[in-house]
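Computed from the coordinates by the stated procedures, all read-outs in this text should not be read as laboratory data. The structure presented is a predicted model; accordingly, all values stated were derived computationally and were not measured. Ideal geometry is used to build each Cβ from the backbone, glycine not excepted, and the neighbour counts take in all protein chains shown.
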Amino acid sequence: MATTVIPFGPQHPVLPEPVHLTLKVEDEIVKEAIPALGYVHRGLEKLCEIRDFNQMITVCERVCGICSMIHGACYSQSIEELMGIEIPDRAKLLRVIWSELHRMHSHLLWLGLFADAFGFEALFMQFWKIRERIMDINEATAGSRVIVSVNIIGGVRADLSPDQLRWILSELDIVEKEVRELQDTMMNDYTIKTRTVGIGVMTKAQAWELGAAGPTLRGSGVAQDMRQQGYGGYAFLDFEPVVETAGDCWARSTVRFREVLQSADLVRQAISKLPEGELAVKVKGNPPEGEVYHRVEQPRGECMYYIRGNGTKNLDRLRIRTPTFANIPPLLAMLPECELADVPVIVLSIDPCISCTER
Amino acid sequence: MKGKVIDVTLDNVVGEVMNMKNDGQRLVSFSTYNAGEGKIGILYHFDKALENTHLRLVADMDKPIPSVSGVYFSALLVENEIRDQWDVKFDGLVLDFNRTLLLDPEVTKVPLANNLKIGPKN
Amino acid sequence: MLFTPTVVKNLLKKPATRKYPFEVREPFPKYRGELVIDIDRCIFCSSCERKCPSQCIAVDRDKGTWQCDPYACIYCGYCVDVCPVKCLSMKDVHRKPSTEKTEWIEQGTPPRHKKKETPKDAAPKGTAPVLDKSAAAAEEAAPAATEVAPEAKAEERPAAKDKKKDEKKGKK
Ligand code: SF4
Ligand code: SF4
């Protein structure tokens, strides 16, 4: 059988972001996939040499547009760990609230894009319509739809008033109701099932060995979620990771779907436990010499920060490993033996975020 | 830093990583840092049931480092990235982009090795 | 006939979208839209310049100008938080798209400041007298080095900034 080489991307209708895959195809069956990155490399890690450690928060927030809050929180938590700062409980829980709102809107965005990938435009529209309510919450409470920019070293810089909390809760009820209306379609629709069930299967052992992260890992039956570590405000909340065992595209989308509902629940828990108190503690001095390694759970999976301080206001090294970076090797293992028409669905099922992969 | 740190050398890094794999650890990623003149520090981060283990390797930048991508396939991306950022060669990479994973072929200066200083904004 | 209820419901429902730009939603009050400065209250302390993560503000204490590159600003609002006299604020609507790149320079009256009785330095025309805080501090620290200072002021702006960086590095 002759091998044909088909390029996928860097510009492809299902992905707004540039990633290139060279697909070696034999009669519609993909035999091998070779990735090529580097179209949006920005060199953000290097910036820590000229921006001081406070200014780096805004840089980290811009590593990824969709989960900017969690990048900012992860960076702040790392620096706080390095400097030995304990932040107020209220700040911890406020970070959780915004983080979980970000997870919800990220997953809703992805669910819409995923529906779009197999051509279900109406579902795409519905998910994005729901997402708009969460964007409004972000905008009204933090001042911006996506890059909320509420983290500072030592706490947060925006507060939620009791009125706003009540409004968030009532909006969340509407969001949850509307999401539940789509549950049956997303999980049981015949067309969706034919496009997702049994496609791009990855077993539990494979996922673990290839270092998959987040919903890609949990979709294969591994109950691992960085929030189990209880970092920040998660120590106060009840939390069980969402797990599916099938390991195919359907399982991964179901994990994300259920995580939307779980995040809504976490926001409610955080609001009910929100104590009164300070928003931030004063931070004095520069990060000392030393290194920290911190992991958080982002919508796309586990994100790792490694920071070396050198006693000055600039950091020695800032290393960011984003979840998609970990999910590309699993993607390469999923693609062989799939049909060419399923490639967009499989690529999307890891929720690729190329800009943050390349930073 | 959270977790246990084990120092390794160029000779036993692959063996130690193999031990980690046999122990059922998951490779999270590598981190690199500048460990003095001409030296690179590499931390191999592992995770098992949320427990962290790190292997620390300090090596010369001009000598090739044995690749662990044969043990963990997922190491290939990060090893290629280190190749881009520090111009450190890896021996036995399963898929070698030869310094073009993130950078373009015509780039001659490697960004992280402190030979390149970002100037202040004008 | 499976879809009849849905069809009827959708016919009676209002659309989920608005007819933007004819119908614009009320802005949320805390939205970080556009940076505005009340230049009359500014005391030219340069706090905002130092805090700004995108380094888009340039405060010139001598001339009394406050300059911001609106295209580099990321609307983070850190300058608003740090300003000691609260003369910076954020409008709740964002800037309209423009077809030309504009500069944004505000001219105010610099405060009288006691350490700065060097009118002869400020005299040369056509040069850009840049005397920022660190340079002033350096002058205070080493009065003997005043001959060096005018040279530095006569340099182009980026060079002066370079110098500032070096000085900061040196202090570390
Ligand atoms: S809003 Fe942020 S980026 Fe813009 S001028 Fe202020 S500090 Fe700088
Ligand atoms: S911080 Fe406020 S007072 Fe100081 S220079 Fe900036 S705008 Fe003026």
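Summary table
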item	result
FRET efficiency estimate (nearest 0.05) - Cβ-Cβ, A:Val40 to C:Lys86, R0 41 angstrom	0.60
Degrees, to the nearest 10: A:68-83 long Cα axis against longest axis of chain A	50
Vicinal HN-Hα couplings computed from phi for segment A:154-162 (Karplus, 6.51 cos²θ - 1.76 cosθ + 1.60; Hz; Gly/Pro x)	x, x, 10, 10, 10, 10, 10, 7, x
Fraction in percent of alpha-carbon pairs per bin - 5 Å, segment C:1-62	3, 11, 12, 12, 10, 7, 8, 8, 6, 4, 5, 6, 4, 2, 1, 0
Local electrostatic count at A:Ile134 - Lys and Arg +1, Asp and Glu -1, tallied over other residues with Cβ under 12 Å	-2
Two-site label geometry, A:Glu178 and B:Thr9: point separation in nm, points 7 Å out along Cα→Cβ	6.3
D_trans [Stokes-Einstein, Kirkwood Rh over alpha-carbon pairs] for the protein assembly as shown, 4 °C, 1.567 mPa s, µm² s⁻¹	48
Cα gyration tensor shape of segment A:3-358, rounded if a/c is under 1.5, else prolate or oblate by comparing a/b with b/c	oblate
Pairwise label distance in nanometres, A:Thr312 with B:Leu95, each label 7 Å out on the Cα-Cβ vector	3.9
Net charge over other residues, Cβ less than 12 angstrom from the Cβ of A:Gln229 (K, R count +1; D, E count -1)	-2
Taking C:Asp60, B:Asp87, A:Asp163 and counting other C-beta atoms within 10 Å, the order from fewest to most	A:Asp163, B:Asp87, C:Asp60
Cα-based helix-to-principal-axis angle, B:75-86 vs chain B, degrees rounded to 10	30
A:Tyr231, A:Tyr190 arranged by Cβ crowding within 10 Å, fewest neighbours leading	A:Tyr190, A:Tyr231
Interchain or long-range residues, amide H under 5 Å from A:Glu302's placed H	A:Gly214
Nearby aspartates and glutamates by direct alpha-carbon distance to A:Lys177 (threshold 14 angstrom, same-chain neighbours under 8 apart not counted)	A:Asp265
Alpha-carbon Debye profile of segment B:4-91, log10 I(q)/I(0) at 0.10, 0.13, 0.24 Å⁻¹	-0.22, -0.37, -1.30
For segment A:3-358, with +1 on Lys and Arg beta carbons and -1 on Asp and Glu, the positive-most of A:Gly38, A:Ala264, A:Leu172 along the dipole	A:Gly38
Percent RCO, i.e. relative contact order, over segment B:4-91, from Cα pairs under 8 Å lying at least 6 residues apart	29
Sorted by Cβ neighbour density within 10 Å, fewest at the top, the residues C:Thr99, A:Thr191, C:Thr65	C:Thr99, A:Thr191, C:Thr65
Around B:Arg56: net Lys/Arg minus Asp/Glu count, Cβ-Cβ under 11 Å	-2
